[in-house]
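The values are calculated or read from the model by the stated rules, or taken from the named source; none is laboratory data. Everything quoted here is computed from the prediction, not taken from an experiment. Quick reminder, even Gly has a Cβ in these numbers, built from the backbone with ideal geometry, and neighbours come from all protein chains shown. Areas reflect the complete protein model, heavy atoms only, side chains present, ligands, DNA and RNA absent. Shrake-Rupley method; radii C 1.70, N 1.55, O 1.52, S 1.80 Å.
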Amino acid sequence: MPSFRKLSVRRWIRSVAAEYGKTPGAITYIFCTDVEILSVNRAYMHHDYYTDIITFDYSGGNDISGDLFISLDTVRSNSEKFATAFSDELLRVMIHGVLHLCGLSDKSREEQLHMRQAEDAALSAYSKNFK
C-alpha cells in the first residue's frame, strides 16, 4: 500500500475537481498488481494488455465518483522509465483518473496532450499548495 498524506491528497482532488465545476463523491482507489489489472482489463474493457490505471466512472451531474484501479507495478516501471520518483508518478496516475471523472478523455493525440497538460497543472498545484 503506497503511503502519502491522505488529507492533502483529498484536498488536492477537491481543488482539481472544482476547477472543472465538479464535486468529488465516492472515489475509490484500488491499488493492485499488473496481474490483477490485466484481469480487470480483459474482463471489463476487453483489452489484453497491462495499463497503469482503469477508471470506472459512476459520476452523475456535477458529482464525480468512480472506482480507480491502479497497478503499482506499472506505476513503478513507469517511474523508472521516465526517471521520476515513484510517489510523483503515483500522484500523476491518481489525478489522471480524477480528470477522467471530470470529463477529460485521452483517446486522440490532441486529447492526450490536453490530458498531460491538465496532469502537469494539477501536479504543480499539489507541489505548491498541498505537499
Consider residue 88 against the criteria (1) charged (D, E, K, R); (2) over 18 Å from residue 122 (Cβ atoms); (3) within 12 Å of the chain's Cα centre (by Cα); (4) assigned to a helix (DSSP H, G or I): it satisfies all of them except one. Which criterion is unmet?
-> (2)
Residue check for residue 67: at pLDDT 95 or above, touching a Leu at 6+ places or on another chain (Cβ under 9 Å) and not aliphatic (A, V, I, L, M) = no
Test set (1) within 26 Å of residue 7 (Cα to Cα); (2) of a type in the set (Ser, Thr, Tyr); (3) under 16 Å from the mean Cα position of the chain (by Cα) - residue 127 fails condition number = (3)
Hits in the range 1-32 - residues which are part of a loop (DSSP other than H, G, I, E, B), among the basic types (Lys, Arg) and more than 12 Å from residue 101 (Cα to Cα) = 5
Identify all residues within the range 110-131 that are closer than 15 Å to residue 14 by Cα, among the hydrophobic types (A, V, I, L, M, F, W, C) and in a helix (DSSP H, G or I); write none if there are none.
-> 118, 121, 122, 123, 125
When residues of the range 33-83 are filtered for being part of a loop (DSSP other than H, G, I, E, B) and either open to solvent by 70 Å² or more (accessible area, probe 1.4 Å) or out of contact with any helix residue (DSSP H, G or I) (no Cβ under 8 Å at 6 or more places or on another chain) (or both), how many remain?
-> 9
